[in-house]
Amino acid sequence: MQVLWFIPTHGDGRYLATAIGGRAVNFDYWKQIAQAVDQLGFAGALLPTGRSCEDAWVLASSLVSHTKKMRFLVAIRPGLMSPGVAARMAATFDRISGGRLLINVVTGGDPVELEGDGLHLNHDERYHLTDEFLTVWRKIAAGEITNFEGDYLNIKAGKILFPNIQKPHPPLWFGGSSPIAQEIAAQHVDVYLTWGEPPAQVAEKIQRVSRLAAAQGRKLRFGIRLHVIVRETASQAWDAANDLIRYVDEEAIAKTQQVYARMDSVGQRRMTELHHGSREALEISPNLWAGIGLVRGGAGTALVGDPDTVAQRMQEYVDLGIENFIFSGYPHLEEAYRVAELLFPRLPLDNLPTVEPQLISPFGEVVANREFPKQEVQKKAVATVD
């Protein structure tokens with residue numbers, strides 16, 4: 001199991017859909033989050049892409065020198081960049097980061113935003129373009145001199161001069177819920193991602209994509225994108241979930257859902273169908289809460305509960321085939337620490353930092369100005385969660 005975090009380049013705060021409790025997000029803040037990810041045992045972090053976000057490639061490149069171990073999941077955008085340019089960008093980042101790049105293939109789901117960027121293709125056309133793009137990108141990134149002529153791309157002697165560290169290229173991650181998206185994932189990518197749907201729906205996706213990949217002679221890994229609200233007790237966790245949307249009103253929900261309704265993303269439609277824009281029955285599966293999706297696109301669900309319960313729910317996804325979890329929480333800096341403190345000791349992670357007694361910098365405040373607090377080293381979780 002690997003757990004990644006999220007760097008909120010489109011804003012952060014304590015509550016959704018309000019400026020109350022909001023905070024300025026700038027490079028210093030993103031650096032704090034990245035360094036927390038790097039030090040706490042997360043495998044890496046996803047940087048979002050789109051018009052509402054700062055550019056992921058620029059920011060990730062800026063954060064490389066401030067981190068040591070974490071990996072950066074950064075998007076390539078078929079139709080918005082050429083496969084040769086994207087391959088060079090990836091190779092450069094992979095080298096300067098010491099092999100810490102993960103590639104997120106994003107086809108896009110908002111026609112209005114895509115038209116603003118000059119891409120005027122419908123849903124299926126974009127995925128056909130993505131198929132051609134990845135066919136070319138994989139060859140160029142692997143060091144091949146590539147010629148290709150398709151419906152959308154015409155490449156003559158495409159190549160890179162400076163190679164990637166990771167071979168044959170940085171791993172490709174991809175999310176798409178439509179049949180055509182899943183077919184392309186089966187042909188090209190390394191990790192198939194789903195948003196946080198109930199386990200039964202996730203199982204259906206994994207089974208379908210696995211069959212498609214097997215028909216191509218390939219085997220994929222699987223990941224899931226979720227928020228997480230973990231507290232010492234279940235009641236505290238549910239209180240925190242309800243508090244997160246305390247300022248969300250019906251007007252905000254209606255405006256948000258109107259925007260998402262125009263999108264042609266099947267994954268976004270599936271997210272919306274989990275709550276139908278209503279506050280009623282937001283717990284759509286045990287400890288899986290859809291409240292965030294009322295006013296947030298993309299990942300709209302959260303695992304909510306005490307540490308043992310959240311770990312058990314994660315294990316249910318693991319039993320289906322999920323290996324990678326991309327989590328986030330509000331605010332992202334504090335919640336990164338909370339997740340590492342409460343949840344990580346209960347998970348089978350292999351990259352946790354070593355905790356050793358420190359006389360100069362104790363864990364916890366010195367008691368009565370004279371004694372260091374007793375330190376209890378938490379045992380590493382076993383391979384499965386009871």
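Bear in mind that the values in this text are calculations on the coordinates, not laboratory data. Computed from a prediction, not measured in an experiment: that's the story for all the values here. As a convention, Cβ positions derive from the backbone with ideal geometry for all residues, glycine included, and neighbour counts pool all protein chains shown.
The sum of -39500 (n - 2.57) across all DSSP H runs of n ≥ 4, divided by the residue count of the chain, sets its helix-only mean residue ellipticity at 222 nm to -11500 deg cm²/dmol. Taking every C-alpha pair closer than 8 Å and separated by at least 6 residues, the mean separation divided by the residue count of segment 134-179 gives a relative contact order of 33 percent.
Candidates PHE27, LEU212, PRO163 compared by Cα position along the dipole of segment 2-346: farthest toward the positive end lies PRO163, with charges placed on Cβ. Taking label points 7 Å from Cα along the Cα-to-Cβ direction, GLU371 and ALA157 give a separation of 7.7 nm.
Principal-axis analysis of the Cα atoms of the chain puts helix 123-141 at an angle of about 90° to the longest axis. The label point for HIS276 and the one for ALA261, both projected 7 Å from the Cα toward the Cβ, are 1.4 nm apart. With R₀ set to 41 Å, the beta-carbon distance separating GLU341 from ASP117 gives a calculated FRET efficiency near 0.50.
Computed from Cα atoms, the angle from the helix 83-96 axis to the main principal axis of the chain rounds to 40 degrees.
Computed log10 I(q)/I(0) for the chain at 0.12 Å⁻¹: -0.96, from the Debye equation with unit scatterers placed on every C-alpha and solvent omitted. Sequence-ordered 3J(HN,Hα) estimates for segment 102-110 from the Karplus curve with 6.51, -1.76 and 1.60 and θ = phi - 60° stand at 10, 9, 9, 7, 10, 7, x, x, 10 Hz, glycine and proline given as x. Any chance you could check the Cα centroid distance between segment 258-301 and segment 80-156 for me, in angstrom? Using only Cα atoms to place each centre, the spacing works out to 29 Å.
In this calculation the C-beta distance from THR92 to ASN26 is compared with R0 = 22 Å, giving a FRET efficiency of 0.35. Neighbours of ILE284, meaning other residues whose beta-carbon lies under 13 angstrom from its beta-carbon, give a summed charge of -1 when Lys and Arg score +1 and Asp and Glu score -1. Counting beta carbons within 10 Å around each of TYR152, TYR330 and listing the fewest first gives the order TYR152, TYR330. Working from label points 7 Å from Cα in the Cα-to-Cβ sense, the ASP55 to LYS68 distance is 3.0 nm. Sites counted here are GluC sites (Glu not before Pro) in a DSSP loop (not H, G, I, E or B) having no more than 13 other Cβ atoms within 10 Å; the longest part of the chain that contains none of them is 1-231. Neighbour counting of Cβ atoms within 10 Å sorts the residues MET263, MET271, fewest neighbours leading, into MET263, MET271.
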